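Quick note: the coordinates plus some simple rules give every number you see, no bench work behind them. All of these numbers come straight from a predicted model, not from anything done at the bench. Because the Cβ atoms are built from the backbone with ideal geometry, glycine has one as well, and the counts that use them run over all protein chains shown.
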Amino acid sequence: MIPLIFLATILPAIVSFSIFFIKEKKRQTIVALISVLVSYFIILTLFVTKGKIKEFLFYYSEKLTLYSIPVIDYIDGISFLMITATAVLYIAIIIYSYSEIKERYISYTILILLLYTSLIGIFVTETLPIFYIYWEFMLIPSTLLILWWGGEKRYRSSIKFFLFTHASSLLMLIAIAILVSHGIVLISQLHSYKNPDILYIMSLFTIALLTKQGIFPLHTWLPDAHSEAPTPISAILSGIIIETGGYTFYRIVLSQNIPQLLYITTFLALLSAFYGGILALKENNVKRIAAYSSISHAGYIILGLSLGGLGSIYALIGGLFHLLSHAVSKGLFFLVSGTVSHLFKTKDIRKMGLLMKNTRFTSFFGLISSLSLAGVPILACFPGEFMIIVGGVQSKYLEISLAFVFVLIISAAYALRFWLKIFWHPTDIMIKSLPEETDCYRVIGMFILAVAIITIGILFTIIIDYLLIPFL
Amino acid sequence: MNEWIVLLEIILPAFYGLPLLIKEIKEKNKEIMILYVGILFISLAILNIFAFSGENKILQNDILFEISPSLRATLWILLIFGFLFIYEIIASNGSHTKVISALTLLSGSLMLIYTSIPFTNSLLIKKSLIHSILPLIGLETMTISSIGLYFYEKETSIEALIKYILTILISSSFIVMGIFLFFTETNVEYILPVATAFLITGISMEIGLVPFHMWLPDVTVGAPSYSVAYSILVGDTSLILFLAIFSVNLYKIIHASFIAIMVLLALFSMSIGEISALSQKIPRRMLGYSIISDAGYIIVGVIAESILQMTDPWMISFFVVTSNIAISSLYIIFGSLEQNNKPINSNQLSGLFVRQPMTAILLSIFFLSMAGIPPFAGFYAKLFILSYLMETFEYWLGYIAAFFFLVCVSYSLLIIFKVASEGEGANIKNKEIFLPLYFACIFLIVLGLWPDLFYILGGL
């Protein structure tokens, strides 16, 4: 039987090479969209028909690795949730990129499809060395995407992004090497590892994952990379790539009960949520506002997961749910930021304003994303944030819940400031002529994510009941 | 194993080169030359299969040639890529003397690989002069042929060559001294560590470990790039495997002094190699230092395998093969970009992706593999080193190695970014050189996705 999960994972990468032979830009976009949809459809069918499944591929012989390593892929509700978030975001950004990317479109499409494969690989792989392969491979297309289609400081940003995340990943490699040397080669075997050095191993994992997640003080690569990347890539970086840190944190670090480590991550997560929020409130560059907001929301996710590890099921569900809701909300926030900076030909929020008059669609999408990030009910981010607060109270960390509420106020402040400054508020500098509405491809891209935000916000109980709770 | 066939396999390349001296063959075109060399490599592959499939035949009372599965896997790769890199010599208009030297080097290399296990056994179990002399013959054959390969009518090249010859002469004397000391019957416990030190120092000089590395960057810049590429792939690989085989065995008797020497050599080589590479502007010199640091990682691997008493050096073979294929391919690319025989600097690589995307992609893949980034084979090489170290609980050495992996990533990334940036620079005009590079690239990707292929080659 063909290993279907593996097929779904590598399909976009294989299809990407056929794009070399397609001349029309529109056809290249359609092929990229179809490859993502087919890949997602395979995973959807498998999940709907079989639920939680594992698929054995082959063994690595013990001659080279000391232990024979089985290569296994799996899908459960949580990985399916992440794959869904990735697919939705990808469909939106592929359509958006049709207008946004003017040069070397073939290379761009190939790279984003390779990135898609590596992202899906991270969500479905059970084998630790293979997980690391996908994890590190993700860096190559994402770095090149920043380098070739990024802003003025793209060279510096991309090298910083690569080196920071790779340096932290080397710590993860050491941790994996220690586990492999003890015969632990699967993520599902981690809970059975009882050696005293587990704190040490998990600390190495945590540093790597928090760096990828952009948690203070390991976040320094994030504002530069996110603000210098082309808009669709910023959406992927912020929406999915940093979420891989949170997802892996749940899979690996929470597989062991290490409270001392989780206290530290809780503290850092809260600090990060504050730090990101305050800087987003002060920032005037639209894309950097979104980037700092990502640092803040990355803090929410790790806070929820850490409290979950400390015993609160609500916080755990909240943290996992926020992986999905943040992916779509921040994706839309970045697309709106990119669109307005494209319309105004500047990234400075002080030189924008009154845009709602001419651009009804973009302003509506801006409002949806801002309100979602502000934690307004019936939009995507509210359920996750609410459950994290409840989780803090449930695990008797009332002070954490109170601090988190304060962070949410800051979050609401910068999100509304963003919207009011750009779309509503008269600016200090008079704008000579207001730009017109953006093109239909950008609008469709944003529309998909706006629909996703509202759908997730309304149907959150179904997602929690069917995708999260049965698989915890 | 049929030792008669193995002997034929060893000596055939050296003698096969001689007809190339004949004027008529010398003047034939490239295609004839490639066909001529191709026939040799097909014959070697057939001999290799027959040597292992038929009945066992030995030349003397004792076994003279022996090979483990990991060495056999390496041997197959040397034969395949040895041919491809000789093709590079011919395609790059290398003279017939270079081809003859390359074939002789292959003979020496085969001799070294086939005799390394009997040599080690003879030192420890049954002292035998013939077993000690055979690898020496292999080493000296490699040295002489390397001189032929490295020779280039350029002032800097000749200076580098003289440096190389002097170093190799001293190293040979150290190796001979080491071997003779093993034959001492009295004061064995006192003499053995000294003999080991002599042997390790001699081999360290040949593979360019710090502090015996001075010749290596100069030679890699001064000599023709195709010669350097071939020499690294065939010569360096066999020397390192030779070192790995006897190190693992010698560890059984003199572990304390052995570990001390090896750790120092590894630390100095990794640090000086990587940090010096980072500061280089000429990519060929950068790679020269990278070879030194790779030798340091290999010594780390040797330490791990010695402690674990793994007599078959799978991990070392995998590392050295993947690393040397990537580095050799990079030498070919950099050499082909040169104009007027001047080594290019990194600024001349600007805009290569726009001008020659395929060259840029190949160059990036080789650098990424060298840096140990997945999904290329170099990643597994580095993972194996780290996991073997963790198995021995030498965590601190693992951290140091991981730090220098990062330095390697940094300079690799600088070159890749330079290639991807905009600007005017050099181009490759000779398209013939690409064929072996595509093979090397595919091999590194396949091995990176499926490292068991290496294991399968060992069982052929």
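Here's the picture: charge each Lys and Arg Cβ at +1 and each Asp and Glu Cβ at -1 in the protein assembly as shown, and of B:246, A:238, A:184 the one pushed furthest to the positive end of that dipole is A:238. For region B:369-441, the list of chymotrypsin sites (Phe, Trp or Tyr not before Pro) that fall in a loop by DSSP and count at most 16 other C-beta atoms within 10 angstrom reads B:393. Name the residues of region A:326-353 whose amide N is less than 19 Å from a point 7 angstrom out from the Cα of residue A:444 along the C-beta direction? Within reach of a label on residue A:444: A:332, A:335-336, A:339. Rg over Rh for region A:153-249 works out to 1.06, both radii taken from alpha-carbon positions and Rh defined as the Kirkwood radius.
For the pair residue B:31 and residue B:311, label points projected 7 Å from Cα toward Cβ lie 5.1 nm apart.
The sum of -39500 (n - 2.57) across all DSSP H runs of n ≥ 4, divided by the residue count of chain A, sets its helix-only mean residue ellipticity at 222 nm to -23500 deg cm²/dmol.
Taking the Cα centre of chain A as reference, the dipole from Cβ charges on Lys and Arg (+1) and Asp and Glu (-1) amounts to some 1000 debye. Summing +1 for each Lys or Arg and -1 for each Asp or Glu among the other residues whose beta-carbon sits under 10 angstrom from that of residue B:65 gives -3. Treating r as the C-beta distance of residue A:188 and residue A:469 and R0 as 25 Å, the FRET efficiency rounds to 0.80.
Residue A:402 to residue B:430: FRET efficiency via 1/(1 + (r/R0)^6), r the Cβ-Cβ distance, R0 56 Å, to the nearest 0.05?
That pair, residue A:402 with residue B:430, gives E of 0.20.
For residue A:42 and residue B:361, a Förster radius of 30 Å and the Cβ-Cβ distance give a FRET efficiency of 0.55, rounded to the nearest 0.05. Remark: region A:1-103 carries a charge dipole of roughly 240 debye about the Cα centre, counting +1 on each Lys and Arg Cβ and -1 on each Asp and Glu Cβ.
In this entry, chain B is assigned a mean projected area of 20.0 nm², taken as a quarter of its C-alpha convex hull surface.
Computed from point charges on the beta carbon alone (+1 for Lys and Arg, -1 for Asp and Glu), the dipole magnitude for the protein assembly as shown about its Cα centre is near 2660 Debye.
Label sites at residue A:433 and residue A:2, each approximated as a point 7 angstrom past Cα along Cα to Cβ, lie 5.4 nm apart. Global dimensions of chain A from alpha-carbon coordinates: Rg and Dmax equal 21.1, 72 Å.
Centre-to-centre, using Cα atoms only, region B:24-80 and region B:342-390 are separated by 30 Å. The value of relative contact order for region A:257-472, using C-alpha pairs under 8 Å at least six residues apart, is 26 percent. So how far apart, in nm, are the two label points at residue B:39 and residue B:264 if each is 7 Å from Cα heading toward Cβ? Result: 5.3 nm between the two label points. Here, the protein assembly as shown yields an orientationally averaged convex hull projection of 39.0 nm² when only Cα atoms define the hull. Restricting the calculation to Cα atoms, region A:257-472 yields a radius of gyration followed by a Dmax of 17.8, 60 Å. Estimated at 0.36 nm per residue, the fully extended path between residue B:58 and residue B:445 surpasses their Cα-Cα distance by 135.4 nm. Sum up the charges of everything whose Cβ sits under 13 Å from the Cβ of residue A:223, counting Lys and Arg as +1 and Asp and Glu as -1, but leave residue A:223 out. Spelling it out: positives minus negatives among the neighbours equals +4. Each stretch of four or more DSSP H residues adds -39500 (n - 2.57); spread over every residue of chain B, this sum gives -26000 deg cm²/dmol at 222 nm. Residue B:408 sits among other residues whose Cβ lies under 10 Å from its own Cβ, and their net charge, with Lys and Arg +1 and Asp and Glu -1, is -1. The listed peptides A:44-54, B:155-165, A:413-423, ordered by packing as a protection proxy, come out as A:413-423, B:155-165, A:44-54 (highest mean of other Cβ atoms within 10 Å first).
Shown here are the Rg and Dmax of the Cα trace of region A:1-212, at 18.4, 59 Å.
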